[in-house]
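For reference, the structure discussed in these notes is given below.
The values are calculated or read from the model by the stated rules, or taken from the named source; none is laboratory data. Please read these numbers as outputs of a predicted model, since none were measured by experiment. Cβ placement follows ideal geometry from the backbone for every residue including glycine, while neighbour counts extend to all protein chains displayed.
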Amino acid sequence: MNGQHSRRVNFRDEESSSVNVREVWAFTRHPTKLKIPLYTSGVSAGFPSPAEDSLDCRLDLNRWLIDHPAATFCVRVEGDSMTRAHIHDGDVLVVDRMLEADDGDIVVARVGAEMCVKRLRIIEGQVWLCPESDNVSFLSFLITEEMDFCVWGKVLHVIHSLKKEKSNGLRAVRH
């Protein structure tokens, strides 16, 4: 990807003893200069409104989505434990490692050798990772002092494609 570099990260799955490789995209200090058109007239999500042909400026997605390029990465989601938070299988998350995660934030975290995306809850001094799904088989879990736990970053944006894509060989982080 122009303006970005990609690095592979290995995580060992303790249950199966196999190595899962997931693609993580990190941003360089020199993001792309590609800017796309931004129309100032809104798009009605209700009743159609007359379209305006006014192109106001060009939108730089790097400036819009990334505050800290050296500390920001993107990761593709695998699974459906966060659908009530509008995070779906195949979505791409923009994650900032520089920002401190607070109660209620959605985070990418490592628990043992597994990576996940969950809602961080801090309740009476206890740290919980909570799914947001109508599927009752996904349970919240308490993080204990004995666990190897690390918040990798705070999820700031979800890129949700509406087009049907062919597999591009990218791997995902389970959630």
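Structure summary
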quantity: Any pair with Cβ under 6 angstrom, 6 or more apart, that starts in the stretch 150-175 at a residue that is closer than 19 Å to residue 119 by Cβ and ends at one that is at pLDDT below 80 and assigned to a strand (DSSP E or B); calculated: 173/22
quantity: Residues of the stretch 105-117 that turn out to be under 15 Å from the mean Cα position of the chain (by Cα) and farther than 10 Å from residue 154 by Cα, as a count; calculated: 3
quantity: Strands (runs of 3 or more DSSP E) enclosed by the stretch 1-115 - at least 2 residues per element that are among the polar types (S, T, N, Q) and either at pLDDT below 55 or out of contact with any Asp or Glu (no Cβ under 6 Å at 6 or more places or on another chain) (or both); calculated: 4-12
quantity: The stretch 68-92, subset of a type in the set (A, V, I, L, M, F, W, C) and under 17 Å from residue 163 (Cα atoms), residue surrounded by the fewest Cβ atoms within 10 Å (Cβ to Cβ); calculated: 92
quantity: Residue 121 being more than 14 Å from the chain's Cα centre (by Cα), closer than 15 Å to residue 160 by Cα and not acidic (Asp, Glu); calculated: no
quantity: Residue 147, sole failed condition from (1) outside any strand (DSSP E or B); (2) in contact (Cβ under 8 Å) with a residue 40 or more places away in the chain; (3) not small (Gly, Ala, Ser); calculated: (2)
quantity: Answer from 137, 133 - the residue that is free of Cβ contacts under 8 Å to residues at least 12 places away in the same chain and closer than 18 Å to residue 85 by Cβ; calculated: 137
